[in-house]
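Read through the structure below, which is laid out as structure tokens, and then see the notes.
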Amino acid sequence: MLFVLAIKSFRPLRRCLAALGVGMCLFVVMDLAAPLPRRALDTDYSTVYMDRNGKILRISLSPSDKYRIKLPLKEMSTYLKNGVLSYEDRYFYYHQGINPVSLARAIGMNIKSGRIVSGASTISMQVARMMERRPRTLRAKIIESFRALQLEFHYSKDEIMELYLNSIPMGGNIEGVGAGAYYYYGKSALELSAAESALLIGIPNSPNWNRPDRYPERARQKMSMVLERIHRDLGISKRDLRVMRESRPGLTCRKFPFNCPHLIESRHRGSDPFFVLFTVDQNLQLYCESIMKNYNEMMRGQGIYNGAVIIANNKTREVLAYVGSPDYFDSQHCGQINGAAIPRSPGSALKPFLYARAMELGLITPEKMVYDIPIADEDYSPANFCKTARGPVPARLALIHSLNVPAVRLEREMGGEGLKRVLMKIYPIKKDLIIEKSGLSIALGGFPLSLEDMVSLYMMLASNGDYAPLKYHTREDSEAISPRHILDRRACYIISEILSDCHRPDLPYSWEFAPELAKVALKTGTSFGLRDAWCIGYNPDYTVGVWLGNANNSGSSELIGVRAAAPLMIRILDHVTRSSDSWFKAPAGVAKRNVCARSGEKPGPFCSHGVKADWYIRGVSSEQECGVHKTITVRKRDGLHVCSYCMDEGPEAYEQKVVEYWPPEVISFMRSRGYRYSQIPRHNPSCQNFYAKDKPRIVRPAMSDEYIINEHMPLDSQKIPLKAFAGQDTDELFWFIGSTFLFQSKADETCFLTPRRGVWVISAVDSMGRSDSVKIKIY
């Protein structure tokens, strides 16, 4: 009997539990049928781009065109969080999205007034309303209540509070306390004072009416009202309250910044979709933007409208400043095009890597002579920028003065193992597309690269030959790429020493006497057609790259690297580093030795022009003795050159003479320019056994050349040029076609052949009987 009574007493509880279970099931079904629009909650935020120190560079619009910053609750002021609870929903942490007491009180007030005067909205309900904007009707209130229950079901209280503070309207298209704090006060939400927090808390009730930038007095009154309500909960004394109410808000109402537009647009993705932390330094960035804009104002009169600057830290590979154009908003001159990222011809700026490659192959040292002599026997005939040639010059000066012909000769000598090999190792994906098709022109900038690429390459010289791409973000694990070893560190050091002697615009000839200036290695470049001016400089700490040109690829007579780009690069590098104490240390295996002052090779027993110091790489650089200074035997009575085969008199009839042996093309160049050179006496004509290596070499026409006679033109206008290089022991050449004698010429003279159809063998014979032949075909 007692058991039956007990069961009956639990029936109301059972009914309540059953009703609760049905309600829960119904809620789950409705939650599945009408899920929360999580996308609006989780993704409708701005992306905040910051520099390495956390300074804001730019705030983008959210997908709904709002300025809304996603902040965690811990990065908001305690005054702000507690003030919102006190002012909006003091029982937030006790109810489940709907406050029954507040709801009953609101219903009574609305019935008594005959209109809606209170909505009894909790923070959860306000989040639901901001999530889905609706007219304020009874139906909308029911939906908001259901959404509030969903929020409480899916999110914690702190998460809902965070959603609320990140979404409340702050006037116009500014939403959330993060954007509001930055816009109105120029600070983070964590730095807000009690009064500043109260001002922001009062805005959402009527965002456009309470905007402090438009209605400051009305906003101050609202702030006073909010402080009056929340000061006890915030622990603010009456005295402090009175001071706060009488104070006026110190508004800044700053525009949202728009710095680093090109960098942000090209590298905007980071590991965090809402906060992207770049490696740039805002102060350095603003300096570069300012100096680039001012410099461009000066260059506009020369027809130069675009430019770019990149500064990178050599040790971390981090980009410290990145300017893509002088004025992003200059639509007339394509200011929005990123000049730092577009591939352009680098001109001579690639030559240091060619020379470094030649050094690590042992072909040259800084003082080794290379030939600045026009290439006459190739389809590709480059010329120097100055349109002159210098003959034999040290490799060091050839690089410093950006001589084109020696660079092309070196690239040809290295075959596919020169600059092409270096670039193919760095850009393997471009191997088939560009590098293999560029030919010898690659030595003169025939491989287009961007300023980003060039700064990365020069950082390789400053990093012992180790290459890795630039780093733009501080939190990107994907950018932690292990450097690849590309060039010999010893060659890189020697190249840096050579480039430190380049013309410096601020102190071109005596920078070493200005101790406040940093030592710098620099190289300029000018593209064909004067369309691009480059200058990249570096020291152990930084690499600075400058490009000047026009986005529409138009040229200017002032687009010359040393004149246009170098002064700007030097000013920037002087700004970031002022000490000349820091420089590269010579790696093991690099040393100095004396070389012949004339040839740049190890001195031989006959070198009589003195010696000079030269860097070299032990075990790599050539150990060959000077091949220019040699001795010959001369017969005293007539001055003729004799050999062991024709020395038929006593030893006293002969003497030794030191002469300079140069290749025939060098002798031909010296003859044509009137330069002095050692005239080797003619060999004894009665000698029957003499053979010398310096036989003539025909350079025009080339072997297997083909010609077509134009029937509509006179033959005299179609003559074929004949030219050959001869050794320095002969002055005359004799030309033959087949076995038929044509004419006699000087060694460096160009003659002309009247064409006849057929296949012909053309020969050039010198006075010693040495000869060279080519076969041509004439149609």
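Numerical summary
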| quantity | calculated |
| --- | --- |
| Residue within region 251-269 that is free of Cβ contacts under 8 Å to residues at least 40 places away in the same chain and surrounded by 15 or more Cβ atoms within 10 Å (Cβ to Cβ) present | no |
| Region 595-605: number of residues that are assigned to a loop (DSSP other than H, G, I, E, B), under 10 Å from residue 625 (Cα atoms) and of a type outside the set (Ser, Thr, Tyr) | 5 |
| Number of the condition not met by residue 150 [criteria: (1) over 15 Å from residue 84 (Cα atoms); (2) assigned to a helix (DSSP H, G or I); (3) among the polar types (S, T, N, Q); (4) open to solvent by 20 Å² or more (accessible area, probe 1.4 Å)] | (4) |
| Residue list for region 515-536, restricted to those being of a type outside the set (A, V, I, L, M, F, W, C), open to solvent by less than 10 Å² (accessible area, probe 1.4 Å) and more than 16 Å from residue 307 (Cα to Cα) | 523 |
| All positions within region 193-230 that are in a helix (DSSP H, G or I), surrounded by fewer than 17 Cβ atoms within 10 Å (Cβ to Cβ) and among the basic types (Lys, Arg) | 218, 229 |
| Residue in region 448-471 that is modelled with pLDDT under 90 and within 15 Å of residue 523 (Cα to Cα) present | no |
| Qualifying residue in region 665-674 (condition: open to solvent by 50 Å² or more (accessible area, probe 1.4 Å) and either in contact (Cβ under 8 Å) with a residue 24 or more places away in the chain or over 57 Å from the mean Cα position of the chain (by Cα) (or both)) | yes |
| Residues being farther than 22 Å from residue 448 by Cβ and either in a loop (DSSP other than H, G, I, E, B) or open to solvent by 40 Å² or more (accessible area, probe 1.4 Å) (or both) - total across region 343-378 | 15 |
| Residue within region 69-76 that is in contact with a Ser or Thr (Cβ under 6 Å, 6 or more places away or on another chain), at pLDDT 85 or above, surrounded by 15 or more Cβ atoms within 10 Å (Cβ to Cβ) and under 21 Å from residue 154 (Cα atoms) present | no |
| Selected residue (only one of 91, 87, 49, 79 is among the aromatic types (Phe, Trp, Tyr) and assigned to a strand (DSSP E or B)) | 49 |
| Residue list for region 389-433, restricted to those being outside any helix (DSSP H, G or I), among the hydrophobic types (A, V, I, L, M, F, W, C), over 20 Å from residue 614 (Cβ atoms) and touching a helix residue (DSSP H, G or I) at 6+ places or on another chain (Cβ under 9 Å) | 389 |
| Answer from 650, 627, 619 - the residue that is within 15 Å of residue 369 (Cβ to Cβ) and of a type outside the set (A, V, I, L, M) | 627 |
| Hits in region 239-250 (condition: farther than 18 Å from residue 87 by Cα and open to solvent by 40 Å² or more (accessible area, probe 1.4 Å)) | 239, 240, 242, 243, 246, 247, 248, 250 |
| Filtered residues of region 37-54 (kept if under 30 Å from residue 313 (Cα atoms) and open to solvent by 60 Å² or more (accessible area, probe 1.4 Å)) | 52, 53 |
| Number of the exception - residue 108 against (1) modelled with pLDDT under 80; (2) open to solvent by 90 Å² or more (accessible area, probe 1.4 Å) | (2) |
| Qualifying positions in region 295-334 - aliphatic (A, V, I, L, M) and closer than 15 Å to residue 261 by Cα | 308, 309, 310, 319, 320, 321, 323 |
| One residue from 602, 630 being farther than 30 Å from residue 291 by Cα, modelled with pLDDT under 90 and either of a type in the set (Lys, Arg) or open to solvent by 50 Å² or more (accessible area, probe 1.4 Å) (or both) | 630 |
| Selection count where residues are of a type in the set (A, V, I, L, M), out of contact with any Ser or Thr (no Cβ under 7 Å at 6 or more places or on another chain) and under 11 Å from residue 704 (Cα atoms), scope region 746-775 | 2 |
| Hey, residue 302 among the polar types (S, T, N, Q), over 22 Å from the mean Cα position of the chain (by Cα) and surrounded by 14 or more Cβ atoms within 10 Å (Cβ to Cβ) or not | yes |
| Positions within region 618-635 being among the charged types (D, E, K, R) and either within 30 Å of residue 494 (Cβ to Cβ) or out of contact with any strand residue (DSSP E or B) (no Cβ under 6 Å at 6 or more places or on another chain) (or both), in sequence order | 618, 623, 625, 630 |
| Candidates 190, 165 - the one that is in a helix (DSSP H, G or I), surrounded by fewer than 21 Cβ atoms within 10 Å (Cβ to Cβ) and in contact (Cβ under 8 Å) with a residue 12 or more places away in the chain | 190 |
| Region 117-147, residues that are loosely packed, with under 14 Cβ neighbours inside 10 Å and not hydroxyl-bearing (Ser, Thr, Tyr) | 117, 132, 133, 134, 135, 136, 138, 139, 142 |
| Lone qualifier among 237, 266 - being more than 30 Å from residue 334 (Cα to Cα) and small (Gly, Ala, Ser) | 237 |
| Residue in region 651-658 that is loosely packed, with under 12 Cβ neighbours inside 10 Å and under 56 Å from the mean Cα position of the chain (by Cα) present | no |
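Residue-by-condition table, conditions (1) modelled with pLDDT under 80; (2) under 20 Å from residue 445 (Cα atoms):
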{"residue": "380", "(1), (2)": "yes, yes"}
{"residue": "385", "(1), (2)": "no, yes"}
{"residue": "389", "(1), (2)": "no, yes"}
{"residue": "393", "(1), (2)": "no, no"}
{"residue": "398", "(1), (2)": "no, yes"}
{"residue": "402", "(1), (2)": "no, yes"}
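For (1) surrounded by 23 or more Cβ atoms within 10 Å (Cβ to Cβ); (2) within 20 Å of residue 541 (Cα to Cα); (3) of a type in the set (Gly, Ala, Ser); (4) at pLDDT below 85, each residue gets a yes or a no:
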| site | (1), (2), (3), (4) |
| --- | --- |
| 439 | no, no, yes, yes |
| 446 | no, no, yes, no |
| 482 | no, yes, yes, yes |
| 508 | no, no, no, yes |
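The values are calculated or read from the model by the stated rules, or taken from the named source; none is laboratory data. Quick caveat, the model's predicted, so the values are computed rather than measured. FYI the Cβ positions are ideal-geometry reconstructions off the backbone, even for glycines, and counts take in every protein chain you see. Surface accessibility is based on the protein's heavy atoms, side chains included, excluding ligands, DNA and RNA. Shrake-Rupley method; radii C 1.70, N 1.55, O 1.52, S 1.80 Å.
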